[in-house]
Amino acid sequence: MKSVKIEGTTRTELGKKATRQLRSEGMVPGVIYGAENIHFAAPQIAFRTLVYTPEFQLAEVTVEGKTHRCILKDLQFDVVTDELNHVDLLELNDERKIIAELPLKFTGTAEGVKAGGRFVPKLKTLKVRTYPKHLKEAIEVPIDKLQIGENVRVQDVIADNMEVMNSPRIPVASVVTTRALRQAETEEAKAAKK
């Protein structure tokens, strides 16, 4: 699994005034939640490859010589400038289950698409609870047998060693009828009546 390395420094002063000062210097304040909470700051550019991507990645944050393996827990952005304001990370503990949002990767070509339908993804991620060793970059969802008008639901997704937290009846993806296909069917029906 891909990981992003981030060099951080310990934050000793907490509060609005201290965080404003950090942000004015191009730093982003953050917290690593784990056995003990670690308040740190790192350059804004260090988070770019972790935050602005649809991929699921680990963050290896080094603070005062000690490296912490983490995943993103929460992000806060400035409402006006849309710059990253704060990062919450969750330290991985191999003995404890975590909740993570894993991206979905649709594999194959649906039979309904070959027949003229259009593939419509409904969800981009699934919320799962699992041990860190079972985390992966994406959950693969085969869509080969999907016909026009059919859905793949959360309950149909196979996520080994993971407990899926989403409601089982929610559609993940579907194949819908296109306008051209509907027109062709209507014209066929009219021709059949003549």
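Would you pick out the residues in the range 150-166 that are β-branched (V, I, T) and either within 24 Å of I98 (Cβ to Cβ) or exposed (fewer than 14 other Cβ atoms within 10 Å of the Cβ) (or both)? Before you say what the answer is, go through the steps one by one.
From the range 150-166, those β-branched (V, I, T) are 152, 154, 157-158, 164; that's our starting set.
Across the range 150-166, the qualifying residues are V154, V157, I158, V164.
Got a sec? Which of R182, R118 is surrounded by fewer than 18 Cβ atoms within 10 Å (Cβ to Cβ), more than 17 Å from the chain's Cα centre (by Cα) and at pLDDT 85 or above?
Details: R182 fails: at pLDDT 85 or above.
Step by step, each of R182, R118 is checked, and only R118 is surrounded by fewer than 18 Cβ atoms within 10 Å (Cβ to Cβ), more than 17 Å from the chain's Cα centre (by Cα) and at pLDDT 85 or above.
Take the range 1-52 and flag every residue that is of a type in the set (S, T, Y) and more than 18 Å from L90 (Cβ to Cβ).
Keep residues of the range 1-52 that are of a type in the set (S, T, Y), which gives 3, 9-10, 12, 19, 24, 33, 49, 52.
Passing the criteria: T9, T10, T12, T19, S24, T49, Y52.
Answer with yes or no whether E137 is in a strand (DSSP E or B) and under 23 Å from the mean Cα position of the chain (by Cα). First the steps, then the outcome.
On the way: in a strand (DSSP E or B): no; under 23 Å from the mean Cα position of the chain (by Cα): yes.
Judged against the criteria, E137 is not a match.
Does R11 count as farther than 27 Å from K127 by Cα, touching a residue at least 12 places away in the same chain (Cβ under 8 Å), touching a Phe, Trp or Tyr at 6+ places or on another chain (Cβ under 9 Å) and not hydroxyl-bearing (S, T, Y)? Spell out the reasoning first.
Working: farther than 27 Å from K127 by Cα: yes; touching a residue at least 12 places away in the same chain (Cβ under 8 Å): yes; touching a Phe, Trp or Tyr at 6+ places or on another chain (Cβ under 9 Å): yes; not hydroxyl-bearing (S, T, Y): yes.
Spelling it out, R11 is indeed farther than 27 Å from K127 by Cα, touching a residue at least 12 places away in the same chain (Cβ under 8 Å), touching a Phe, Trp or Tyr at 6+ places or on another chain (Cβ under 9 Å) and not hydroxyl-bearing (S, T, Y).
Residues in the range 80-135 that are closer than 24 Å to A46 by Cβ and not hydroxyl-bearing (S, T, Y): how many? Full working, then the answer.
Residues of the range 80-135 that are closer than 24 Å to A46 by Cβ, as a first pass: 80-93, 98, 100-103, 125, 132, 135.
Then keep just the ones that are not hydroxyl-bearing (S, T, Y); that gives 80, 82-93, 98, 100-103, 132, 135.
Residues meeting the conditions: 20.
Tell me, which residue of the range 4-25 that is loosely packed, with under 14 Cβ neighbours inside 10 Å and under 24 Å from the mean Cα position of the chain (by Cα) is nearest to I38 (Cα to Cα)?
Only one residue tops the list, namely E7.
If I go through the range 47-103 residue by residue, how many of them are assigned to a strand (DSSP E or B), under 18 Å from T130 (Cβ atoms) and more than 16 Å from the chain's Cα centre (by Cα)?
Selection size over the range 47-103: 2.
Residues in the range 53-77 that are closer than 16 Å to E91 by Cβ and in contact with a helix residue (DSSP H, G or I) (Cβ under 7 Å, 6 or more places away or on another chain): how many?
Residues in the range 53-77 being closer than 16 Å to E91 by Cβ and in contact with a helix residue (DSSP H, G or I) (Cβ under 7 Å, 6 or more places away or on another chain): 3 in total.
Being closer than 24 Å to I98 by Cβ and polar (S, T, N, Q) is the filter here; which residues of the range 11-54 pass it?
N37, T49, T53
Can you name every residue in the range 34-46 that is in a loop (DSSP other than H, G, I, E, B) and closer than 15 Å to T10 by Cβ? Quick ask: steps written out before the conclusion?
From the range 34-46, those in a loop (DSSP other than H, G, I, E, B) are 34-37; that's our starting set.
Passing the criteria: G34, E36, N37.
Filter the range 166-179 down to the residues that are over 19 Å from K145 (Cα atoms) and at pLDDT 80 or above, then identify the one that is nearest to the chain's Cα centre (by Cα). Quick ask: steps written out before the conclusion?
Of all residues in the range 166-179, those over 19 Å from K145 (Cα atoms) come to 166-168, 179.
Cutting the leftovers down to at pLDDT 80 or above gives us 166-168.
On the way: N166: 13, S167: 17, P168: 18 Å.
Within the range 166-179, the match that is nearest to the chain's Cα centre (by Cα) is N166.
Residues to consider are K124, K105, K133; find the one that is within 27 Å of L58 (Cβ to Cβ), out of contact with any Phe, Trp or Tyr (no Cβ under 6 Å at 6 or more places or on another chain) and in contact (Cβ under 8 Å) with a residue 40 or more places away in the chain. Talk me through it step by step, then tell me what you get.
Working: K105 fails: in contact (Cβ under 8 Å) with a residue 40 or more places away in the chain; K133 fails: in contact (Cβ under 8 Å) with a residue 40 or more places away in the chain.
From the options K124, K105, K133, the qualifying one is K124.
The values are calculated or read from the model by the stated rules, or taken from the named source; none is laboratory data. Just so you know, these numbers come straight off a predicted model, no measurement behind them. FYI the Cβ positions are ideal-geometry reconstructions off the backbone, even for glycines, and counts take in every protein chain you see.
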